[in-house]
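Taken together, the values in this text are just the output of simple stated rules run on the coordinates, not laboratory data. Quantities reported herein were computed from a predicted structural model and do not represent experimental measurements. Reconstructed Cβ throughout: ideal geometry from the backbone, glycine too, with neighbour counts over all protein chains shown.
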Amino acid sequence: MQADFDSLDTDAPIFAPGAFRLSDREADLIAKARRFGRRVLAPRAASHDRDATFPIENFRDMHDEGLLSICVPREHGGTGADFKTYCLAAAELGRYCGSTALSWNMHVCSTLWSGALADDLEMSAADRDAHRARRDMHYRRILDNGAIYSQPFSEGGAAAAGGVAFGTEARPVDGGFLVKGRKIFASLSGAADYYGVLCTERREGEAASRRNTLYLAIPAGATGVRVAGDWDPLGMRATVSRTLVLSDVFVPESEMLLPRGVYFLAATRWPHMFLTLSPTYLGLAQAAYDFTVAYLRGEMPGALSVKRRMFPTKQIAVAEMHIQLEQTKALWFQAVSEACANPSKQQILRAYAAQFSVMENAHAIAAKAIRTCGGQAMLKNLALERIYRDSRCGSLMLPWTAEICLDRIGREALYETGETDEQ
Ligand SMILES: Cc1cc2nc3c(=O)[nH]c(=O)nc-3n(C[C@H](O)[C@H](O)[C@H](O)COP(=O)(O)OP(=O)(O)OC[C@H]3O[C@@H](n4cnc5c(N)ncnc54)[C@H](O)[C@@H]3O)c2cc1C
């Protein structure tokens, strides 16, 4: 039996609107996400985690709440949340169900990247007009029918890290493309209505280039789309991230989520786009801390109401967790607040540092929560055990894994663009 979250008094906003100078509109949207997370996501999280099933009912309810269209621009009928507001709302969902928040991120990015980010990037007037018309079709599917988009990019090679062109290829044919390839860790596989696939447009005899990356929405029901393999991972089990096999799938040109060349442009000019996996894990860090405080106070539903807060060792552990959480929040809030086109070198380094800190610290805080609360706290009737497993996944997520962040910070801090040590 999962703990009753409604009776927990631990869900003050992660970022208090006054302290973090949020506008009323931002605060309202974020509060809506928090209330939704607590009321709807938390009670369903344990069973989907246990069975590794996708929480499709959460997405149906998100449609009713307008959360599927949170980043659809207002001119297209959506809520028009910006990057920062989205990140803060996603962190609130992550507190209650990591898998749902992470899957929601895949969906929302299809609207954020084609919406606010694309509006920030240069493109010809003709491309801009064609893009507006195409994205309106995608947004109408979401607004009218609750369509769900996913984001399968990873292939198991160097492409998802940004090193080489995607091996999944789109061959131009009359009216569209024939897409062939294989995507691993395709969260929402079997549940999404459209797979937002990154692939390389390649004509006969042409070399593969990252500049020719296409971002296509492939209908789940299209001929040649198949979900393969099983899904029985350590954490984030309800994302159901199985393998997507694409065998010469015909995709009409209207399914382009970004015009030609714009994904490559976004990846180089709007690098904070890759920070969007981090909010979920910030929410998990907050959840692990909140759990510990409630547990030590003897107020955790589902656990014995024994107080353990009087022991100095517990107080020191909570103080350390608090400091680590506040450090992480401060850095992350700064990074998501300054996301923009063409950021400075210091802003990019800060984004890597924020991503690294959230992903590593979320798990460190969850691990300390288990050590501090003790054996009974890691039983599966309580949420901490799931938080601990889910939090382990953050550092592994491309393109900004913890190792890649370290690698880039070290190199980019020491070398200016084009500098080498050759004499
Ligand atoms: C729960 C979950 C859900 C996911 N959902 C999605 C999804 O919806 N869509 C999607 O596209 N992907 C998704 N992923 C996949 C994820 O982003 C990674 O692609 C995946 O974890 C990579 O696994 P791998 O073993 O192939 O990593 P590898 O590519 O083998 O890398 C292993 C490690 O080597 C290091 N490394 C790799 N390349 C470099 C480099 N160039 N420089 C320095 N170090 C490097 C990294 O630290 C990396 O962690 C998901 C992953 C998880 C855990």
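Structure above, values below:
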{"quantity": "Order of THR213, THR223, THR79, THR280 - criterion: other Cβ atoms within 10 Å of each residue's Cβ, fewest first", "calculated": "THR223, THR79, THR213, THR280"}
{"quantity": "Cβ-placed point charges (K, R +1; D, E -1), dipole of segment 150-290 about Cα centre in debye, nearest 20", "calculated": "280"}
{"quantity": "Shape of segment 152-196, Cα gyration tensor, a/c cut at 1.5", "calculated": "oblate"}
{"quantity": "All lysines inside 24 Å of LYS329 as judged from Cα atoms, apart from same-chain residues fewer than 8 positions distant", "calculated": "LYS32, LYS84, LYS314, LYS345, LYS368"}
{"quantity": "Share of Cα-Cα pairs in the chain lying beyond 27 Å, as whole percent", "calculated": "51"}
{"quantity": "Segment 31-81 versus segment 108-181: alpha-carbon centroid distance in Å", "calculated": "22"}
{"quantity": "Pairwise FRET efficiency - VAL164 versus ASP127, Cβ, R0 = 25 Å, nearest 0.05", "calculated": "0.45"}
{"quantity": "MET378 paired with SER247, simple spin-label distance in nm, labels 7 Å along Cα-to-beta-carbon", "calculated": "4.4"}
{"quantity": "Amide H contacts of ILE218 (H built 1.01 Å from N, under 5 Å, at least 5 apart or other chain)", "calculated": "TYR195, GLY196, VAL197"}
{"quantity": "Segment 223-331 - Rg over Rh from alpha carbon coordinates, Kirkwood radius", "calculated": "1.18"}
{"quantity": "Label-to-label distance, nm, for residues given as GLN327 and GLU57 (7 Å Cα→Cβ offset)", "calculated": "4.1"}
{"quantity": "Leading residue at positive end of dipole, the chain (Cβ point charges), from PRO301, VAL240, VAL164", "calculated": "PRO301"}
{"quantity": "Quotient of Cα Rg and 2.2 N^0.38 Å for segment 260-322, N being how many residues it contains", "calculated": "1.86"}
{"quantity": "q = 0.12, 0.23, 0.29 Å⁻¹: log10 I(q)/I(0) that the Debye formula gives for segment 12-79, counting C-alpha atoms only", "calculated": "-0.41, -1.03, -1.21"}
{"quantity": "Options ILE404, VAL336, GLN347, ranked by Cα towards positive dipole end of segment 302-423, top entry (Cβ charges)", "calculated": "VAL336"}
{"quantity": "Relative contact order of the chain, defined on C-alpha pairs under 8 angstrom at six or more residues apart (%)", "calculated": "17"}
{"quantity": "Kirkwood Rh and Cα Rg combined as Rg/Rh, segment 212-269", "calculated": "1.07"}
{"quantity": "For LYS307, net neighbour charge (Lys/Arg +1, Asp/Glu -1) across residues whose Cβ lies under 14 Å away", "calculated": "+3"}
{"quantity": "Segment 1-126: C-alpha gyration tensor shape, a/c 1.5 cut-off, then a/b vs b/c", "calculated": "oblate"}
{"quantity": "Cut-off 11 Å between beta-carbons: net charge of the residues surrounding GLY162, Lys and Arg +1, Asp and Glu -1", "calculated": "+2"}
{"quantity": "Average silhouette area of segment 108-212, convex hull of alpha-carbon atoms, in square nanometres", "calculated": "7.8"}
{"quantity": "FRET efficiency for GLU204 and ARG371, using Cβ-Cβ distance with R0 set to 56 Å, rounded to 0.05", "calculated": "0.40"}
{"quantity": "DSSP-defined antiparallel bridges as percent of all bridges, the chain, nearest 5", "calculated": "85"}
{"quantity": "Rounded to the nearest 20 debye, dipole of segment 280-329 from Cβ charges on Lys, Arg, Asp, Glu", "calculated": "200"}
{"quantity": "Computed magnitude of the charge dipole of the chain (debye, nearest 20; Cβ of K, R +1, Cβ of D, E -1)", "calculated": "1000"}
{"quantity": "Average silhouette area of segment 289-423, convex hull of alpha-carbon atoms, in square nanometres", "calculated": "10.5"}
{"quantity": "Rounded tilt (10° steps) of 42-51 against the dominant C-alpha axis of the chain", "calculated": "70"}
{"quantity": "Overall Cα dimensions of segment 365-423, principal axis frame, Å, largest first", "calculated": "62, 21, 12"}
{"quantity": "Sum of -39500 (n - 2.57) over DSSP H runs of 4+, divided by residues of the chain (222 nm, nearest 500)", "calculated": "-14500 deg cm²/dmol"}
{"quantity": "Interchain or long-range residues, amide H under 5 Å from ALA160's placed H", "calculated": "GLU155"}
{"quantity": "Label zone at ALA228, where the point sits 7 Å out along the Cα-to-Cβ direction: segment 238-253 residues whose backbone N lies under 19 Å", "calculated": "240-250"}
